[in-house]
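Read the figures in this text as sums done on the coordinates, not as results from a lab. This structure is a prediction, so every number in the text was calculated from the model and none was measured. Glycine also receives a Cβ, built like all others from the backbone with ideal geometry; neighbour counts cover every protein chain displayed.
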Amino acid sequence: MMKLSQISLREIELLLLRPFETSFGREQRRRALIISVEAEGLRGWGECVAGSDPWYSYETTRTAWHIIADYLIPALQGVSLEHPDEAWARWRRVRGHPMAKAGLEQALWDLYAKSHRISLSQALGGDKTQVESGISIGIQSDIPTTLKLIERSLSQGYRRIKLKIRPGWDIQLLEAVRADFSKIRLTADANAAYTLADAARLEELDRFDLLMLEQPLGYDDLLDHADLQRRLKTPICLDESIKGPADARRALELGSCRIINIKSGRVGGLSQAKAIHDLCRAQNIPVWCGGMLETGIGRAHNLALASLPGFSLPNDISASARYYSPELELVEPRFELNANGTISLPDGLGLGVRVLEERLERATLKRQDWQL
Ligand code: OSB
Ligand code: MG
């Protein structure tokens, strides 16, 4: 039983080591919300992955702040929770806003695991001690630069290369990559940059032996993806289009994809993420854990989620050093890539990392506290 006593909400900003560019835009600074929840002397942490702008989804740090502060926290006032699953039911009246819900729900999960003196991975039903790590490479200025980045990532040990693509930065790029790296596990992520009118161009991607093609069409679409999947040999993986277990069910029934990228933020939290995992596992659909340029806190949540048995493909969970300089890291220990291209789950209760509060303070733009 968790009798919540205090909640803190912060907006933070961290400088990325390098700008990250996708088909929808370029990011140099990562904004996020960090939430902590206290009960009986224990503290749980969560990260809301909504960013500055509504490009990946409609949520932003400002909409998430509004929803968390004005609706989600008040719905937990005076409440004792047995299990984090109960938060979803308490928030049922709030339509949408999955990232806002996920940030606070993650903190409840961490707290729950700590109060039961187990790791978050154990609390979720994870059975791995290491998870496979892939790297997501943003759109670069030119192909030679991309080839060098791939080379470096492979030498660091990453087990799968994902390239961001968009019309005009696709076939030529993949041609050059396959010329130099014929055997590597390679995927491409379009972040919804194409339409069904581009089907012929997308069919050409079949010859690059991609492990999957991620979210080629509309961010909200399932029907056109089903059409496209019938025309492609390459498995489609949906990211943006899967906003919860109901979308996953619809996508599998329609044949819109053969793989699902699970991000707890996009689907409303870890309980919802686990429900999608369970559904896919029952139907033999592989899943993997996507990323949103998380700080160490969100990264620790992703690792715990990816330790579930159905996460059978390399995840977008890279070492902390992929995005942030060591002085900005918010947690200890940092996440390092093992020589075999995996990241080890930290041992310890809950998330298994210690939040460095002075670092967090330095990154904070805005803070509000609630006594419940
Ligand atoms: O589509 O998977 C995506 C980053 C921000 C928004 C969307 C996506 C991404 C990534 C990076 O691909 C994954 C990561 O390493 O965190
Ligand atoms: Mg994606």
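Here are the numbers for this structure:
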| quantity | calculated |
| --- | --- |
| Residue list for segment 246-286, given a label point 7 angstrom along the Cα-to-Cβ vector of TRP88 and an amide N cut-off under 14 Å | 246-249, 263-280 |
| Calculated from backbone phi, Karplus (6.51, -1.76, 1.60) coupling profile of segment 37-53 in Hz, x at Gly/Pro | 10, 10, 8, 6, x, 10, 10, x, 10, x, 10, 8, 8, 4, x, 5, 10 |
| Environment charge at GLU40 (Cβ cut-off 12 Å; Lys +1, Arg +1, Asp -1, Glu -1) | +2 |
| Other-chain or far-sequence residues with amide H under 5 Å of LEU213's (modelled H) | ILE236, CYS237 |
| Per-q log10 I(q)/I(0), segment 28-175, q = 0.13, 0.14, 0.16 Å⁻¹ (Debye; single scatterer per alpha-carbon; no solvent) | -0.79, -0.87, -0.98 |
| With Cα atoms, 0 to 90° folded angle of helix 245-254 axis to the chain main axis | 20 |
| Gained length - LYS3 relative to ASP53, 0.36 nm times residue gap less alpha-carbon distance | 14.5 nm |
| Amide hydrogen neighbours beyond the local backbone of SER5, cut-off 5 Å, H modeled | GLU38, ALA39, GLU40 |
| Candidates ASP221, ASP170, ASP70: whichever shows maximal mean-square fluctuation once the chain is modelled as a Gaussian network with Cα springs under 10 Å | ASP70 |
| Magnitude of the charge dipole, the chain, Cβ model with Lys/Arg +1 and Asp/Glu -1, debye to 20 | 180 |
| Neighbour net charge for ARG201 - beta-carbon separation under 14 angstrom, K R +1, D E -1 | -3 |
| R0 of 51 Å, Cβ-Cβ distance TYR71-ALA179: FRET efficiency to nearest 0.05 | 0.45 |
| Relative contact order (%) - criterion: Cα under 8 Å, at least six apart; region: the chain | 22 |
| Packing-based exposure ordering (other Cβ within 10 Å, fewest first) of MET292, MET1 | MET1, MET292 |
| Loop trypsin sites (Lys or Arg not before Pro), segment 201-286 (other Cβ atoms within 10 Å of the site Cβ: 11 or fewer; DSSP) | LYS233 |
| Local electrostatic count, GLY25, Cβ distance below 12 Å [Lys/Arg +1, Asp/Glu -1] | 0 |
| Ranking of MET2, MET99 by count of other Cβ atoms within 10 Å, fewest first | MET2, MET99 |
| Within the chain, longest stretch free of exposed GluC sites (Glu not before Pro) [DSSP loop, at most 16 other beta carbons within 10 Å] | 83-335 |
| Share, in percent, of DSSP beta bridges within the chain that are antiparallel, nearest 5 | 65 |
| The chain: angle of helix 143-156 to the longest principal axis, Cα-based, in degrees nearest 10 | 60 |
| Helix 98-115 axis, angle to the chain major axis (alpha carbon atoms, nearest 10°) | 60 |
| Order of ASP316, ASP369 under a 10 Å beta carbon neighbour criterion, fewest first | ASP369, ASP316 |
| Trypsin sites (Lys or Arg not before Pro) within segment 86-126, DSSP loop, no more than 13 other Cβ atoms inside 10 Å | ARG92, ARG93, ARG95, ARG117 |
| Over 19 Å between alpha carbons, listed pairs LYS3/LYS274; LYS101/LYS243; LYS101/LYS274 | LYS3/LYS274 |
| Top of GLN156, GLN130, GLN215 by mean-square fluctuation, Gaussian network on the chain, Cα under 10 Å | GLN156 |
| CD proxy at 222 nm, helix term only [per DSSP H run n ≥ 4: -39500 (n - 2.57); per residue of the chain; nearest 500] | -9000 deg cm²/dmol |
